Structures are given as structure tokens and as C-alpha cells.
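K.L.:
I have a structure I would like to understand better, so I am pasting it below and will then ask my questions one at a time.
The values are calculated or read from the model by the stated rules, or taken from the named source; none is laboratory data. Note that the structure is a prediction, hence the values are computed from the model and not measured. Methodologically, a virtual Cβ is constructed for each residue, glycine included, from the backbone with ideal geometry; neighbour enumeration extends over all protein chains shown.
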Amino acid sequence: MHRSLKSALAQGNTFMTMEEQQRWFSDYREEFNYERPHEALAGATPGTVWHPSKRQWDGRVPDYAYPSGGTVYRVKSRGDTLYGGKKGTVFLSEALTDEYIMLEEQDDGLEAIIFNGITLAYYDRKTQSVVRID
């Protein structure tokens, strides 16, 4: 949650209905984007510098043909996937739900977690954990 939103919510705002809550969030968004100057924008507001993208996106990630040499897995609905048969699941990200990722062995014993040709992280089979790329 954005720090300024969290701070505004901590000011004792209570909502009796979802409509009341939505009205408050809409008012906050209006103030945040069009009234409050932002230091990172040299005092401008986000609404004055933002413009819609000229590119269109249909919401679908195009199919990607993974090269040979790795194992392809489908990410499940909760953002996790099964590695190594019955050993268990490992959480990746809900953003990858229903997408395919590939595990590719590396020289250091780790396996690269690859999505559409981009290495996202590494998987350590010994500890059954995801290792971040720093």
C-alpha cells in the first residue's frame, strides 16, 4: 500500500458501507492525482504529467515457445507450481497464474526460473526455495 494512502487511512476513517468506502477512495485518488504536488515530479501532480499509452494491449500474454534444455511448468491459480513430482509446491507469483515457466539447470546447482525468455529468479532443489536475483 502506498505510504500516503496508508497514512490517510490511519486517520480514523471508518466506513459503514462499501459505497462510502469507495467514495472516500475516489476522493483520495482525485486529491492525490490532481491537487497534491509531488516532490518527485518537481511539484507537479501526476494528473498533469500522465498521458495514456499509444500502444494497445488486449490483456493476453502472447504464447512463447521455450527452447529445449529445460522443463516447462504451468503456474497454478494461486501462483504456485509443482516441482520435482510429489515433493511439493513452490510459490512464484499470482501474476503468473496459468502462464508457463521453464526451469533450466545452471552450473552452480541452481535452476533458473524463466518466463518468456527472462530469468526471474533461481530455484534451489536442496532447500526447495526460490532464490532472488539481487
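K.L.:
Tell me which of these R3 doesn't satisfy, since it passes every other one: (1) without any contact (Cβ under 8 Å) to a residue 12 or more places away in the chain; (2) basic (K, R); (3) surrounded by 10 or more Cβ atoms within 10 Å (Cβ to Cβ).
P.N.:
Single failed check for R3: (3).
K.L.:
Any idea which of D27, D80, D63 is acidic (D, E) and either in contact with a Leu (Cβ under 8 Å, 6 or more places away or on another chain) or surrounded by 12 or more Cβ atoms within 10 Å (Cβ to Cβ) (or both)?
P.N.:
Matching residue, one of D27, D80, D63: D80.
K.L.:
Name the residues in region 104-129 that are of a type in the set (A, V, I, L, M) and more than 22 Å from the chain's Cα centre (by Cα), would you?
P.N.:
Across region 104-129, the qualifying residue is only L110.
K.L.:
Here's a follow-up. Is one or more of the residues making up region 87-103 surrounded by 13 or more Cβ atoms within 10 Å (Cβ to Cβ), assigned to a loop (DSSP other than H, G, I, E, B) and not hydroxyl-bearing (S, T, Y)?
P.N.:
Yes - at least one qualifying residue is present in region 87-103.
K.L.:
Can you find, within region 57-82, the residue that is farthest from the chain's Cα centre (by Cα) among those that are among the hydrophobic types (A, V, I, L, M, F, W, C) and either part of a loop (DSSP other than H, G, I, E, B) or farther than 12 Å from I114 by Cβ (or both)?
P.N.:
A65
K.L.:
So which of F25, F15, F32 ends up being in contact with a Ser or Thr (Cβ under 8 Å, 6 or more places away or on another chain) and modelled with pLDDT under 95?
P.N.:
The conditions single out F32.
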